1. Over the stretch 11-114, what is the relative contact order in percent, taking alpha-carbon pairs closer than 8 angstrom and at least six residues apart?
2. Hey, in the GNM for the chain with a 10 angstrom Cα cutoff, which one of ASN31, ASN86, ASN50 fluctuates hardest?
3. Which ³J(HN,Hα) values, rounded to whole Hz and listed in residue order, are derived for the stretch 18-23 from phi using the Karplus coefficients 6.51, -1.76 and 1.60 in 6.51 cos²θ - 1.76 cosθ + 1.60 with θ = phi - 60°, glycine and proline given as x?
4. Loop sites only, by DSSP: take the GluC sites (Glu not before Pro) in the chain that have at most 11 other C-beta atoms within 10 Å and name the longest stretch containing none of them.
5. Of LEU39, LEU103, LEU49, which has the largest mean-square fluctuation in a 10 Å C-alpha GNM of the chain?
6. What ranking of LEU98, LEU61 emerges when the number of other C-beta atoms within 10 Å of each C-beta is taken as an exposure proxy, fewest first?
7. Taking the Cα centroid of the stretch 4-30 and of the stretch 50-89, what is the distance between the two, rounded to the nearest whole Å?
8. Rounded to whole Å and sorted largest first, what semi-axes of the equivalent ellipsoid does the C-alpha gyration tensor of the chain yield via the square root of 5 times each eigenvalue?
Amino acid sequence: MATIFTKIINKEIPASIVFENDKVIAFKDINPQAPIHILVVPKKEIPTLNDIEKEDSEYILAMYLAIKEIAHDFGISENGYRVITNCNTHGGQEVFHLHFHLLGGKPLGHMLAF
Ligand code: 5GP
């Protein structure tokens, strides 16, 4: 089912887009949790990580390559960053279109799960 991210992909609603190619779009999170907080989204409506199929491999690879390029462009490759995917209720997923959160720009501390 289409979500707000499909509207962003289709340019029906605005977003601060930082990267785009034929497989992936990336834009700044509207509610940033770190100095750099970018959402990396495949241009295929895959609702959750549970729904990834082998045929989606090009999209998944494209997401990782986009992260690498964005991290370089934002100058955080060397210091480092965190990449997160939330899945379903316990994971805290709010938008049911697969995405990575790319977080960085300061030391992020230990990974929290509470
Ligand atoms: P989730 O909880 O599904 O992993 O993350 C969804 C993320 O999407 C949240 O961090 C939220 O702030 C972000 N978000 C929700 N709606 C919009 C929107 O319309 N524009 C942008 N740029 N981010 C959004």
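Only the coordinates and a few stated rules stand behind these numbers; no lab work does. Everything quoted here is computed from the prediction, not taken from an experiment. Methodologically, a virtual Cβ is constructed for each residue, glycine included, from the backbone with ideal geometry; neighbour enumeration extends over all protein chains shown.
1. 31
2. Maximum among the listed residues: ASN31.
3. Running phi through 6.51 cos²θ - 1.76 cosθ + 1.60 with θ = phi - 60° gives 10, 7, 7, 9, 6, 10 Hz.
4. It works out to 13-52.
5. Taking springs between Cα atoms under 10 Å, the residue moving most is LEU49.
6. The most exposed by this proxy come first: LEU61, LEU98.
7. Result: 15 Å between the Cα centres.
8. Each semi-axis is the square root of five times an eigenvalue, giving 21, 17, 14 Å.
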